[in-house]
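Let me begin by presenting the structure, written as structure tokens, before commenting on it.
Laboratory data are not the source of any read-out in this text; all were calculated from the coordinates shown. On a predicted model such as this, the values are computed, not experimentally measured, just so you know. Here the Cβ is made from the backbone with ideal geometry for all residues, glycine too, and neighbour counts use every protein chain on show.
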Amino acid sequence: MQVNQEDRIAPQEKTASVNTLAMVAVAVALVLSGGAYYYFTDNEPAPEPQQLPVQIPDITPDEPLVTIADIPEPEIVEVIEPEVEVIEEPTQLPEIEPLPSLTDSDEFAHNKTVEMADGMKIEPLLVEKDLVRHFVVFVDNLAQGEVARKVSPLKAPNRAFTVSDITNKTYLNPDSYHRYDLYANFIANLNEEQLSATYKELTPLLSEAFEELGYSDMTFNQRILEAIDIMLDAPIIEQPIELDGVSVNYQFVDPQLEALPNAQKLLVRMGPENTKKIKAALRKLKKHLAV
């Protein structure tokens, strides 16, 4: 195969260029490798570096070093607070007034009734002797539907009973109802809790007076509940009440009213408003007595 003369490489003409390129390439490589300093110095061989002796200062402490392992753990000291003795003052219970005997109970029962009245002028109406016995006998009669006026614990009203004559007919005068306002208001305004507490306090005296009546098969508490039921069954009459004045004592013309027990007739004569007040108070009292 013949080679074209133009394709031949003239080595003599290209030698300088190749050497120059080679030298440039080597220089770039040395610069990049960080060795250009050694390449451009004299051709004398560089002296071998000598290792200088390094002097290590003596740092041995005068005293031995303390490491973390040598530090003792702190001692936990439990602080015990001294016990303080708490002296509780004894609770002072309210002084209970000693209960007198039944015979000597008038002043005691009188004062208890006035306390329950809470300022109402009930004191002039209280009987002065045998108040507890009067109350027990009066309740016993109410339980039988009767009104024992001679042993009532409260005195009778001062105002007289009056009637009204209209078209030849006699009616109970509504003004007569007001004779009983003080009695009804006294009963209606009683504090039920105070009344219950006073009743319990007087129970021994009431029981003793009830036993004097000869009852052995029931308690006074049972008897007063019977009396309350009798009174609660009394009707409330809103319309005028016609009376028959032929006899000495007035009677109800209405046969149903006249057939009522005397205890219920008493409430009818007090009028509808007073009857409502008394019934409401009796229901509250019954709630406490029935427990």
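I need the fraction of alpha carbon pairs in segment 243-291 separated by more than 17 Å, rounded to a whole percent. For segment 243-291, the fraction of Cα-Cα distances above 17 Å is 49 percent. In this structure the amide hydrogen of residue 243, modeled in the peptide plane, comes within under 5 Å of the amide hydrogens of 170, 171, 172, 253, none closer than 5 places in sequence on its chain.
Annotation: amide H of residue 163 within the under-5 Å range of 173, sequence separation 5 or more or interchain, hydrogens built in the peptide plane.
Here segment 154-291 is described by how far its Cα atoms reach on the three principal axes: 55, 31, 25 Å, from widest to narrowest.
Amide H contacts for residue 122 (H built 1.01 Å from N in the peptide plane; partners 5 or more residues away or on another chain; cut-off under 5 Å): none found.
Summary of the geometry: segment 107-183 and segment 203-238, compared by the centres of their Cα atoms, lie 17 Å apart. Comparing segment 169-216 with the 2.2 N^0.38 Å rule of thumb, its C-alpha radius of gyration ratio is 1.83 (two decimals).
Between beta-carbons, use under 9 Å as the cut-off and find the net charge around residue 190, counting Lys and Arg +1, Asp and Glu -1. List each step's numbers first, then the result.
Values: positive: 284; negative: 118, 192.
Taking every other residue near residue 190 into account, the sum is -1.
In order along segment 193-200, the Karplus-derived 3J(HN,Hα) couplings, from 6.51 cos²θ - 1.76 cosθ + 1.60 at θ = phi - 60°, round to 5, 5, 4, 5, 5, 5, 4, 5 Hz, and Gly and Pro are given as x.
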